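Worksheet: the structure to be examined is printed underneath.
No lab work stands behind these numbers, since they all come straight from the coordinates. Computed from a predicted structure; not experimentally measured. Virtual Cβ from ideal backbone geometry, glycine too; neighbours counted across all protein chains shown.
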Amino acid sequence: MFKAIEQSPNLRSELANTLAAQIESGDLQPGQKLPTEQAIMKATGVSRTVVREALATLRAKGLIVTRQGYGAVVTNDPKPPAFSIVPNDLETIDDVLNVLELRLGIECEAVALAALRSCDQDIARLQFCLDAIDSAIADGGYGAKEDFAFHRSIMVASRNPYYARVFDAYESAMIPRQWARLDLLSEEERGVHTARMTREHRAIFEAIRNKDEAAARSTMRTHLSESIARFEQLRQVAVSGL
């Protein structure tokens, strides 16, 4: 039923997508009990934390329910989450900017909690995500998935599960890089753009690692505010190129 999952910043998403696909295809039937956490860990090679986060994602999507003392079961009537933002919702620059403004209210507080509550495992995960972003950009990509994994890892490090659940409701729509059209920039402009994002991510990371609540909140606000400004600039580049 399961196969090993390669190590990546998006293990939770990959496992959740695998399980969701099996539910949607009928391989996992309504009312059927999912394998135990231990069985999924053994089959896929991921940690218990990843398994639990993946199951939480499926619960948020209405695909499974958890019965105390029994385990996770596929729902008889899967229901979509009451609220979500998907890429198709972001048709205009104003839509994207609205999401970024929403993120300001959510992530500035979540990152402050992460600075207070994060453990060594959280720091290692954040470092892994930053390295993955650098690798993706070095390979010519935008690093959107890796960026999402970094920000979601901050939600997890807050130790408030509802932050991660809210973040999952937005999925990749939280990260506007796939709409930023970095390909419209010159090589020099793109280098400046990505260097700024890297510095901002590193500043957030250092604030969390140093347990500096105020700095964490400030660096996240700067990062998202700068993202809004950069996105406006990128829109002007796109318009002038038409």
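Tabulated data
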read-out: Cα centre as origin, Lys/Arg/Asp/Glu Cβ charges: region 11-74 dipole, Debye; value: 240
read-out: Ascending count of other beta-carbon atoms within 10 Å, so fewest first, for R59, R103; value: R59, R103
read-out: For region 11-74: relative contact order, % (alpha-carbon pairs under 8 angstrom, 6 or more apart); value: 41
